[in-house]
Amino acid sequence: MNEMPVVDAEAGTLLPKISAKKVQVFYGETHAIKDVDLNIADRTVTAFIGPSGCGKSTFLRCLNRMNDTIDICRVEGDIRIDGEDIYDPKVDPVQLRAKVGMVFQKPNPFPKSIYDNIAYGPRIHGLSRSKADLDEIVANSLQKAGLYEEVKDRLDEPGTGLSGGQQQRLCIARAIAVSPEVILMDEPCSALDPIATAKIEELIDELRENYTIVIVTHSMQQAARVSQRTAFFHLGNLVEEGETKEIFTNPTDRRTQDYITGRFG
Amino acid sequence: MSLPILVFVLLALSVAGYVLGRGRAMASAGGDARKLHSLPNYYGWFGFLVALLPAALMLLLWLPAQSVVIDTQVSAMISDRSAAESSRGLVMSDVERVAEGLDLAVDAGVLTEEQAASIRTEFTDVRERLGEVGVALGSDVTSETLQAAQRYRALSSTGDLLRTLAVVAAALAGLAFVYRRAASTFRARNAVEAVVRWILILAASIAILTTVGIILSLIFNTVEFFSLYPAWDFFFGLTWSPSFGGGSELGILPLLWATLYISFIALAVSVPIGLFAAIYLSEYAGPAVRAVAKPLLEVLAGIPTIVYGLFALLTVGPLLVDIFGDGGVLGVGWMGGGTAVMTAGLVMGIMLIPFVSSLSDDIINAVPQAMRDGSLGLGATHSETVKQVILPAALPGIVGAILLAGSRAIGETMIVVLGAGAAARLSLNPFEAMTTVTAKIVSQLTGDADFASPEALVAFALGMTLFVITLGLNVIALYIVRKYREQYE
Amino acid sequence: MTDTTAQTGRAVAAPARKGSLLEVDSLTRKRNAAEARFKMYGLSAVIVGLLFLVALLATILSNGTSAFTQTFITIPVPLERAEIEAAEKSIVKTSKYRAIIGTAFANVLSSAGIETDMSAKDLDKMMSSGAAASVRDFVLANPASIGTTHTFDLLASSRVDGYLKGRVTREDLINDKNLDAAHLDIVDRLSAAGIVQKRFNWQFIFGADASDSRPEQAGIGVSMIGSFFMMLVVLVLSLPIGVAASIYLEEFAPKNRFTDLIEVNISNLAAVPSIVFGILGLAAFIQFAHLPQSAPLVGGLVLTLMTLPTIIISTRASLKSVPPSIRNAALGVGASKMQSVFHHVLPLAMPGILTGTIIGLAQALGETAPLLLIGMVGFIASNVPDGVAAGFLDPNSAMPAQIYEWAKRADPAFYERAWGGIIILLLFLMTMNIIAIILRRRFERRW
């Protein structure tokens, strides 16, 4: 059991929540991720930015082994969460994904009621002992996702009947309900209008207190607004990573500079 | 002129129309095709169609009209007395047979045309004379029948002559029209395209005509059946025992029961296997396995039903008897003979496996990938995702697929004809022989029954019931499946 | 619980599993077991399905291949002029021929050193009752042979054939009035002497159906011709009509009630039980239009109506797969809509249309039920039709109906024929499907 944050004995500083070393990803013949080394800090929001097809979503999907579901995808290298290799044969991806939740680009509520959407995760992971437990988890998760007030009177209506932004917050609530430690978000606002986007961004900021959040985004403004650290990907390479402020004001790499000033993208 | 020759002449006139149309147009343009409104061939086709279509239409209308007119004229000659003895329809078919025999006799040179028109039963044994040319008659020809037959022949030959004249006249009128119209300014392409468009519409309407034909042929005969046999007894009778001597009991319930029982067993076999196979192939199997197993399973769907029927009768039936019959492996003695509800149901189930699996496969694949990702991303296992997310999402579609499979099972004929048995029975024992609606349609219409008897006509009432049930199931199923598809499009 | 939990303020009711990822907890183990079970169910469903296929094919092959061989008895028959003239004068001519063969057979037995106290009439039971007719036919066809001794390969009776194929055993014959165990002893010795032999059975493939008492003579050839003429009708009607209907629906039909009506009708007709089409054929073509009963023409018409929906559905799919850019290109250079369809879209869609048509034909070829209702069953495939018109109009059967006919007969010797007929039918279907697959592979275009 490992309940204390892992401490690097020598440096006396907090070890990163997630650390990736020499990660390579292949899609069949395509080399999608090349030699990526990256540490992701606990309880911060880390944004992955970069042009389309740069591998940022692919890398994100390595962090909870969602790439396992794609037959032709192969991952090499070493990714550790709390110091444990998540690609170790002994690791069950099911348990891993309970610890590392994910929110997708398009809101994808299940064709079930709002309540059942949230309760789905806790049920399969056996997180509740009674109906009351489950009710509490659902209410809690919805509250944390800022959706509770809007839906509390219609929990048994289908989740697909909500608006786009509400659906996405439902998906976030659904992820929170399994009490993950890390939440991965793959362009969570790309299908939403600006008002809904603002609400989600606000929510991400609140969630930062309790969760490690990694967000892939196309929008540099969004990265600047919600994240503390930013990683820039280009053509499967991690170009640079650092404090968000640093990256946006004073990038070290030429390519980052070009990207954030809109010269390509 | 006989019909084939007439058709040939008509086609020849149409070809003449092609040559005429093209030639006239070219002539009017002084041989320069560029001055024509349309390409020269369009003028040709215009000529062809104008010569052919009105005449062909006339011919198509003429054929049934002539036979109706002759029938009414000739049947008026049959006295009510002989019509009362058997049915008017039977007398008429005798008349037609005699007329046909006379035709054959003339062709064979046994009779001259005059003799054929003038022989009398009083002086000639017509039955024997016709027997010589190979027309066997069931009974001696009465004078009345013979006269009716001669009248029939006379009317037919007049009718054929008029038909020829009318059709050729129509074709010639078409040619005259082409001669006048085919000039360089005439918009031949537009005219031809308009006609082609109508031909296309006509072809598409055949689907409607087929349905109308099905409904009419079922309704007319069903109504006739109900005039001979009470509808109440048909729909609610518990006994099915046709006897061609009369006094049949023709209750549909035992047949319907067996039909549903067999369909139920067939679905009980095919739905779990088909559905699980579809889930495995679309969710678990690698591309290599899928590429081999899917087409192989679909081979089962391409095998004709007669093969399944034989398989039921000769293989599965005896096998089941070895297990469940007297002195069988289990020693239970539930099964008397190879043909049984279970035999037919099992084999039909095998036949339906690919039907269920390929429909379910389509439906499962229509569930968006995002749904799977959402569930897997929460840490659900694959089977949890399938059971709790994909199947509920696909449920309407799968229900539709099962209804379609059920409608298939209800309408299936060869397997039950060979595998289910021939005795109608209301029983719960699936190892007993029972018989179904479709099997009885076959047996009532393939015997030597008099076509006008209730025992034969009941087949149409059975067909009507079958049609209504399957149509209902199909409409509901197709509606559900379509709604389901729209949801994810 | 630890300070981490307190800090994050997680729901008390949701005890966070803070275990190491490297240790699989018991719930996960249980869930993985369920997962494995579920996967196993799926796999076994696939395997069960495939096993059924294997069982079906194995049954067909093991029961049907024997239909392709047949037992013949080689007998030199002296064709004495006097005897033949006497036979031709008698009323039942074949019985005299039978006597001639009987004598010749007795000679064969004695020269092979087989002694028997059986009467000629008893020995005759070992031969097909059609043997005499085939000798007579030979004599009539070759008058020059009269006066010589000609060696005939005569069909053995179905019991003898069955014995050599292992279908009939001595125990079966105890209550059989056609053959005794004593016959089989003779068969054993004749077979050892090479006088009784199994040969490839061309008669089965090209011959006509035979009556109940002569299963050894029955062949599927004539009903194959019936099927052929039916398929001709189906092809000639359903391809143009199907293509025309699909072109209208796909390219020209406006969105209105009438079009909807057609669409609904097509999708429903595709699911109407085939037997209903048989009723339609009986009522419309035979009862109403007075077309001849049992004729391949009528069968073809019924099957056309039945396969049209299938062909229309697949044709529309292939028309749909031609991209609109092709149509626009044609319209752009001034072609009419009709020209763009017939000159450009249709040729591009043709491979797909042909594939669909072949598959529709294959479906029609195997269909039985509607044929029963229009009378294409019963002992009717007994003559080869003379001429094309007769091929369409004379009573005939079709392969599946012939198989059904054999399956219904009492003598198990016909079952072998039925299975053999299925092998031939399936070979045809396989060929058609392979052609369809090749067409698709060869001409499939990805836009």
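The values are calculated or read from the model by the stated rules, or taken from the named source; none is laboratory data. Just so we're clear, the structure is a prediction, and the values are computed from it rather than from any experiment. Methodologically, a virtual Cβ is constructed for each residue, glycine included, from the backbone with ideal geometry; neighbour enumeration extends over all protein chains shown. Side chains included, ligands, DNA and RNA excluded: accessible areas come from the protein's heavy atoms. Shrake-Rupley method; radii C 1.70, N 1.55, O 1.52, S 1.80 Å.
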### Task
Please state which one of C:418, C:401 is in contact with a Phe, Trp or Tyr (Cβ under 8 Å, 6 or more places away or on another chain) and facing chain B (nearest Cβ under 9 Å).
C:418
### Task
Look at residue C:153 and say whether it is closer than 27 Å to residue C:382 by Cβ and assigned to a strand (DSSP E or B).
yes
### Query
Restricting attention to segment C:154-197, and to residues there that are under 14 Å from residue C:74 (Cα atoms) and either of a type in the set (S, T, N, Q) or outside the structural domain of residue C:111 (by TED's automatic domain parsing) (or both), which single residue is surrounded by the fewest Cβ atoms within 10 Å (Cβ to Cβ)?
C:197
### Query
Quick check, is residue B:71 over 30 Å from residue B:185 (Cβ atoms), of a type in the set (Asp, Glu) and modelled with pLDDT of 80 or more?
yes
### Candidates C:16, C:45 - the one that is open to solvent by less than 60 Å² (accessible area, probe 1.4 Å), modelled with pLDDT under 90, within 14 Å of chain B (Cβ to nearest Cβ) and closer than 30 Å to residue A:125 by Cβ
C:16
### Task
Assess whether residue B:444 counts as being on the phi < 0 side of the Ramachandran plot, within 11 Å of chain C (Cβ to nearest Cβ) and not hydrophobic (A, V, I, L, M, F, W, C).
yes
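Go through segment C:378-402 and give me each residue that's crowded, with 24+ Cβ neighbours inside 10 Å and under 19 Å from residue B:422 (Cβ atoms).
Of the residues in segment C:378-402, the ones crowded, with 24+ Cβ neighbours inside 10 Å are C:381, C:396-402.
Passing the criteria: only C:401.
Could you list all residues from segment A:188-244 that are hydroxyl-bearing (Ser, Thr, Tyr) and in contact (Cβ under 8 Å) with a residue 40 or more places away in the chain?
Our first condition is that a residue be hydroxyl-bearing (Ser, Thr, Tyr); within segment A:188-244, this holds for A:190, A:197, A:211-212, A:217, A:219, A:227, A:230, A:244.
Correct list: A:190, A:211, A:212, A:217, A:227, A:230, A:244.
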## Note on the structure
Filtering segment C:311-336 down to residues that are modelled with pLDDT of 90 or more and within 12 Å of chain B (Cβ to nearest Cβ) yields C:311, C:312, C:313, C:315, C:316
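Can you give me the ranges of the helices (runs of 4 or more DSSP H) entirely in segment B:344-415 with at least 3 residues that are in contact (Cβ under 8 Å) with a residue 24 or more places away in the chain, more than 9 Å from chain C (Cβ to nearest Cβ) and of a type in the set (Val, Ile, Thr)? If you could, list the steps in order and put the result at the bottom.
On the way: elements: B:369-377, B:382-385, B:391-411.
The helices (runs of 4 or more DSSP H) meeting that bar are B:391-411.
So which helices (runs of 4 or more DSSP H) stay within segment A:91-152 end to end and still have 1 or more residues that are away from chain B (no Cβ under 14 Å) and open to solvent by less than 20 Å² (accessible area, probe 1.4 Å)? Before you say what the answer is, go through the steps one by one.
Working: elements: A:93-99, A:114-124, A:131-144, A:148-151.
Passing ranges, in order: A:114-124, A:131-144, A:148-151.
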### Message
Please go through (1) open to solvent by less than 40 Å² (accessible area, probe 1.4 Å); (2) among the polar types (S, T, N, Q); (3) touching a residue at least 40 places away in the same chain (Cβ under 8 Å); (4) part of a helix (DSSP H, G or I) for residue C:318 and return the number of the only condition it doesn't satisfy.
### Response
(3)
### Task
Look through B:129, B:189 and report the one residue that is at pLDDT below 90, within 14 Å of chain C (Cβ to nearest Cβ) and assigned to a helix (DSSP H, G or I).
B:189
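Rundown of residues vs (1) acidic (Asp, Glu); (2) open to solvent by 20 Å² or more (accessible area, probe 1.4 Å); (3) in contact with a helix residue (DSSP H, G or I) (Cβ under 7 Å, 6 or more places away or on another chain), yes/no style:
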position	(1), (2), (3)
B:322	yes, yes, no
B:338	no, yes, yes
B:345	no, no, yes
B:358	no, yes, yes
B:363	no, no, yes
B:366	no, yes, yes
B:376	no, no, yes
B:391	no, yes, no
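Listed here are the residues, each with its yes/no results for (1) buried (at least 20 other Cβ atoms within 10 Å of the Cβ); (2) at positive phi; (3) among the small types (Gly, Ala, Ser); (4) part of a helix (DSSP H, G or I).
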| site | (1), (2), (3), (4) |
| --- | --- |
| B:16 | no, no, yes, yes |
| B:26 | no, no, no, yes |
| B:37 | no, no, no, no |
| B:44 | yes, no, yes, yes |
| B:52 | yes, no, no, yes |
### Task
Among the residues of segment C:20-42, write down those that are under 13 Å from residue B:380 (Cα atoms) and either among the β-branched types (Val, Ile, Thr) or facing chain B (nearest Cβ under 9 Å) (or both).
C:28, C:31, C:32, C:34, C:35
#### Entry: All positions within segment C:433-447 that are assigned to a helix (DSSP H, G or I) and more than 11 Å from chain B (Cβ to nearest Cβ)
C:434, C:435, C:438, C:439, C:440, C:441, C:442, C:443
### Selection status of residue B:431, more than 22 Å from residue C:269 (Cβ to Cβ), touching a residue at least 60 places away in the same chain (Cβ under 8 Å) and either more than 12 Å from chain C (Cβ to nearest Cβ) or open to solvent by 10 Å² or more (accessible area, probe 1.4 Å) (or both)
yes
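Taking the conditions exactly as written (open to solvent by less than 40 Å² (accessible area, probe 1.4 Å), closer than 21 Å to residue B:278 by Cα and more than 10 Å from chain C (Cβ to nearest Cβ)), does residue B:488 satisfy them or not? So that I can check it myself, show each step before the final result.
Details: open to solvent by less than 40 Å² (accessible area, probe 1.4 Å): no; closer than 21 Å to residue B:278 by Cα: yes; more than 10 Å from chain C (Cβ to nearest Cβ): yes.
Here the answer is no, as residue B:488 does not meet what is asked.
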#### Entry: segment B:190-231, subset in contact (Cβ under 8 Å) with a residue 24 or more places away in the chain and farther than 30 Å from residue B:250 by Cβ, residue nearest to the chain's Cα centre (by Cα)
B:195
### Query
When the residues of segment C:89-143 are filtered to those that are more than 35 Å from the chain's Cα centre (by Cα), surrounded by 14 or more Cβ atoms within 10 Å (Cβ to Cβ) and among the basic types (Lys, Arg), which remaining residue is modelled with the lowest pLDDT?
C:93
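Mind checking which residues of segment C:251-265 are aliphatic (A, V, I, L, M) and surrounded by fewer than 16 Cβ atoms within 10 Å (Cβ to Cβ)?
C:261, C:264
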